[in-house]
Amino acid sequence: MPVYETDYERSHMIPDREILRVLECVHGEVQLDAVFCPAPKYGRASTRWRQQKALGIHVQFVGGALWLRSDLDWQMKDGYAECRMVIHAGERRYCSLVMMEHGPAVLSPLGSSSDTALAQTVTWWTKWSGRCEYQGPFRDAVLRSALALKLLNFAPSGAIIAAPSTSLPERIGGNLNWDYRFCWLRDASMTVTALFGLGYHDEAEAFIDWLLHSTNLTQPELLVMYTVYGKPLKKERELRYWSGYRNSRPVRVGNEARNQLQLDVYGDVISAAAQLDEYNKSIDHASADVLRGIGKYVREHWTMPDQGIWEPRVSSQHHTHSKLMCWVAMNKLLQLHDAGLLPKVDGETVKQVRDQIATAIREEAWNEEKQTYTAVFGGEEVDASLLLLAKHEFERADSERMRLTYKRIMEEIAAGSALLYRYRDKLSPGEGAFGICSFWLAEYLALGGGSLAQAEAKFRQLLEYNNDLGLFAEEIDPETGAALGNFPQGFTHVGLINAALSLAERRSREASPERAA
């Protein structure tokens, strides 16, 4: 997927969207088998094919077209093209697939131009990777995760999608299959923390700009997720004519969680914007209006039940994590107000609501008999999001209540070898351990819930579950280590980065006790 230096882009015509393959036989010979079988509009769009010697294979459909150009010998078949040939030592061949949607396609010549595109791409990514400020012992894993987030970034708008896939199952053969090709507001705060922590300020600011712009039409009410263009999602539908990965039906397009009330996203949006404001030491007029409006919405609605972070398609409840993020929203607004960055906020009212939420959490989410915080008010069961009570500084990681909650979490939802389920599996039996939850566990230990050695040991164990390219899915099969759910999953990589940053901070404190004091 070629990317070019700005100066080169200005002086050359380059394709808008291109997948470029450069094949080189180093020694001996290689049997090459290739198939070109595009299925636009999920296989429902009719296509018109034609093959032109100089321009290659052109596939036209309603809404766009594809050009496949290559110096390989492609043969047209009924609705697809294939290539079978042998390439020998020293031979170098090229395949370029260009998509056009709203205008004519730019087709770069093959050969030297393709080699230039490859060189430009390597240079661009090398420079981008060099900006990563993390220099700890897990740099390779952290950098790979940063690259994954960058590749999930839609450059024209700054949006970062959850995953580039739909309906890869959380349970093989089951129906836990969702479309993740959208941008969740929930991911915002943690993603911005990760990007700022690694030194990628431009990406963090672009994401926040997209976030504030996308929510403009519904503010102060927020949707759970948006398209990369900042639009609401269309209604979820099932592709009944698709069998799904390993017969895991249904295959879904869209996500019906779009209409849920998830109060935690309000805290995530305010927390993300606050990080930028704290970094820039200023808040522009428009952003200030947005923050005040969202804060007012939280003050008026925090007592409502909702669907919460896990988006179950069941009735609403009072989720502890949702109340926590409402507390975060009030706490961040109060901090910005006290720092003189957010005027026209009634600080006393915000403080009063913040303290009311805190009291509710400490009284309604604490189960005295079980000696643990619980996933919902008045409940008995735990979930992994309770570890975030420490991350958001509602509780100290080493407080008695957090230690007891951690103990209960390990007893009830640990999946072995550093892995963690998100909750008891009665709502989704058979799903795997949750990637980001497992990294939350390592981060909780790094924040003070355990020793540095314990935290690093958990983190190292988790790294063993990545694939050969250092990538993680949404979930992990505890028995086999296989990837489950959509892939690659941005949220898991965000969890990895933030855990590594917390480990680095802990390591720095212990190396310089006077700094910690």
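Values in this text are rule-based calculations from the coordinates and carry no lab data. Here the structure is a predicted model, which means the values were calculated and not measured. Here Cβ is always computed from backbone atoms with ideal geometry, including for glycine, and neighbour counts include all displayed protein chains.
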10 Å binning of all Cα-Cα separations within the stretch 162-261, expressed as whole percents from 0 upward: 15, 38, 29, 16, 1
In Hz, Karplus ³J(HN,Hα) per residue of the stretch 343-354 (6.51, -1.76, 1.60; θ = phi - 60°; x = Gly, Pro): x, 6, 10, 6, x, 5, 5, 4, 4, 4, 5, 4
Dipole of the chain, positive end: most advanced residue of Phe459, Met76, Ser243 [Cβ charges, Cα centre]: Met76
Set Lys150/Lys332; Lys231/Lys296; Lys296/Lys332 screened for pairs whose C-alpha atoms are more than 19 Å apart: Lys150/Lys332; Lys231/Lys296
Per-residue counts of other Cβ atoms within 10 Å, averaged by peptide: what ranking do you get for 364-374, 181-191, highest first? 181-191, 364-374
Could you give the length gained by full extension between Lys127 and Gln335, i.e. 0.36 nm per residue of separation minus their alpha carbon distance, to one decimal place? 71.3 nm
Whole-Hz ³J(HN,Hα) from phi, Karplus 6.51 cos²θ - 1.76 cosθ + 1.60, for the stretch 31-42, glycine and proline x: 7, 10, 10, 9, 10, 10, 9, x, 10, x, 6, 6
Measuring from label point to label point, each 7 Å out along Cα→Cβ, what is the Arg403 to Tyr279 span in nm? 3.6
Among all the lysines, which ones have a C-alpha under 28 Å from Lys53's C-alpha, if same-chain residues fewer than 8 places away are not counted? Lys41, Lys77
When Lys and Arg each count +1 and Asp and Glu each count -1, what net charge do the other residues less than 10 Å away from Gly379, Cβ to Cβ, add up to? -3
Fully extended contour minus Cα-Cα distance, from Ala45 to Thr6, at 0.36 nm per residue: 10.4 nm
List the aspartates and glutamates whose Cα sits under 14 Å from the Cα of Lys458, skipping any in the same chain fewer than 8 residues away. Glu443
Starting from the 7 Å offset along Cα-to-Cβ, what nm value, one decimal, do you get for the label separation of Asn247 and Lys351? 6.4
Between helix 400-412 and the chain, what is the angle of the helix's C-alpha long axis to the longest principal axis, kept within 0 to 90° and rounded to the nearest 10? 50
Mind listing the long-range amide H neighbours of Ile160? Cut-off is under 5 Å, sequence gap 5 or more, other chains count too, H placed in the peptide plane at 1.01 Å from N. Phe154
Using each residue's phi in the stretch 267-278, evaluate 6.51 cos²θ - 1.76 cosθ + 1.60 at θ = phi - 60° and report the 3J(HN,Hα) Karplus result to the nearest Hz, with x for Gly and Pro. x, 5, 5, 5, 5, 5, 5, 5, 4, 5, 5, 5
List the pair-distance distribution P(r) of the chain, using every Cα-Cα distance, as the percent of pairs falling in each 10 Å bin from 0 up to the bin containing the longest distance, rounded to whole percents. 4, 16, 26, 26, 15, 8, 3, 0
Residues whose modelled amide H sits under 5 Å from the amide H of Asp179, counting only those 5 or more places away in sequence or on another chain, are Ser167
With labels modelled as points extended 7 Å from the Cα through the Cβ direction, what inter-label distance (nm, one decimal) is found for Glu510 paired with Ile19? 4.5
Enumerate the aspartates and glutamates that Lys370 could reach by cross-link, defined here as Cα to Cα under 15 Å, with residues fewer than 8 away along the same chain left out. Glu380, Glu381, Asp383, Glu400, Glu411, Glu412
Given a Förster distance of 30 angstrom, what is the FRET efficiency for Gln219 paired with Glu393, based on the Cβ-Cβ distance and rounded to 0.05? 0.65
Rounded to two decimal places and with Rh computed the Kirkwood way over Cα pairs, what is Rg over Rh for the stretch 6-121? 0.99
Paramagnetic reach from Glu91 (point 7 Å along Cα→Cβ, amide N under 12 Å) across the stretch 63-82: 71-74
